[in-house]
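Worksheet: one structure, shown below.
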Amino acid sequence: MSKGWGWWFLAGFAVWTFFAVQWTEVGCDYPEAYLAVIRFGTPEGLEFLPACAG
C-alpha cells in the first residue's frame, strides 16, 4: 500500500470514528455505533433509534 492510500484510509477511519462516537453518546455500544454509521448515517435529535434498540 502506498503512502497516499494509507493516509486516505486513516482519514476515512477517523471520520467514521467521529460519527460512531455520536452514536455512543445516544446509547449505542461501539460495535453497534460503527454499524449504525453505515446503516443510518448520523443520529438526528432524540427520535427513536432503531440502531440501538436491543
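THR24 satisfies every condition listed in (1) in contact with a helix residue (DSSP H, G or I) (Cβ under 6 Å, 6 or more places away or on another chain); (2) at pLDDT 90 or above; (3) of a type outside the set (Gly, Ala, Ser) except (2).
Scanning the range 1-40 for residues that are hydrophobic (A, V, I, L, M, F, W, C) and not in a helix (DSSP H, G or I) yields MET1, VAL26, CYS28.
Is it the case that TYR30 is surrounded by 15 or more Cβ atoms within 10 Å (Cβ to Cβ), of a type outside the set (A, V, I, L, M) and modelled with pLDDT of 90 or more? Against the criterion (surrounded by 15 or more Cβ atoms within 10 Å (Cβ to Cβ), of a type outside the set (A, V, I, L, M) and modelled with pLDDT of 90 or more), TYR30 does not qualify. Only one of these is surrounded by 10 or more Cβ atoms within 10 Å (Cβ to Cβ) and at pLDDT below 90: PHE40, PHE18, PHE13, PHE48. Name it. Being surrounded by 10 or more Cβ atoms within 10 Å (Cβ to Cβ) and at pLDDT below 90 holds for just one of PHE40, PHE18, PHE13, PHE48, which is PHE40.
The values are calculated or read from the model by the stated rules, or taken from the named source; none is laboratory data. From a predicted model like this one, the values you see are computed outputs, not experimental measurements. Here Cβ is always computed from backbone atoms with ideal geometry, including for glycine, and neighbour counts include all displayed protein chains.
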